[in-house]
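Here, each number is a calculation from the coordinates, and none is a lab measurement. As the structure is a prediction and not an experimental result, all values here were calculated from the model. Using ideal geometry, Cβ is built from the backbone for each residue, glycine included, and neighbour counts are taken over all protein chains shown.
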């Protein structure tokens, strides 16, 4: 299974995020493009194995065209999204499919599913991640809010090494 379609963003917070987080003229302008924010938000959702799929959709929706991530110039985006899709298919408890189906969908690029559709599947994770990003922006001042996000991201990635140190410490 591969991601080959436009990514349609109907969750209401995407409109705000595009205006505030992705625009140089916006309130914060932290991300150069909507795809960059989508990838970060999607990674948060996959990490927490949480999705948001029930909501009142915006009209017109925001979208990320398939050419944005499938062009030769952006091959790295396509590979990253493909890896994220594989990871989510293999590990997520948000979908109810057996292990054989998970492996087939994750590793056979020509496979299709009646349950999992690549773009909407990833969008659910990204919706959740976007919520988490906004929950961690506490300031209206761009430099302060960037610091808030850095603290949030650092908290997600810096493990607590005290348990590992305790295992390695020799008792007298």
Just to be sure I understand the curve: with the Debye formula and one point per C-alpha of segment 49-89, what is log10 I(q)/I(0) at q = 0.28, 0.30 Å⁻¹?
-0.93, -0.96
Would you mind listing how long segment 7-135 runs along its three principal axes, going by Cα atoms, in whole Å with the largest first?
47, 34, 25
Per-peptide average of other Cβ atoms within 10 Å, ordering 4-14, 95-105 highest first:
4-14, 95-105
Using the beta-carbon distance between residue 110 and residue 47 and R0 = 22 Å, what value does 1/(1 + (r/R0)^6) give for FRET efficiency, to the nearest 0.05?
0.20
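Provide 55, 128 in ascending order of the number of other Cβ atoms located within 10 Å of each residue's Cβ, fewest first.
Final ranking by Cβ density, sparse to dense: 55, 128.
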So if I restrict to the alpha-carbon atoms in segment 1-70, what is the Rg, and what is Dmax, the biggest pairwise distance, in Å?
12.5, 37
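What does the highest-first list of 61-72, 78-89, 33-44 look like by mean Cβ count within 10 Å? It would help to have the intermediate numbers written out before the result.
Details: 61-72: 15.4, 78-89: 17.7, 33-44: 20.8.
Per-residue mean Cβ counts within 10 Å order the peptides as 33-44, 78-89, 61-72.
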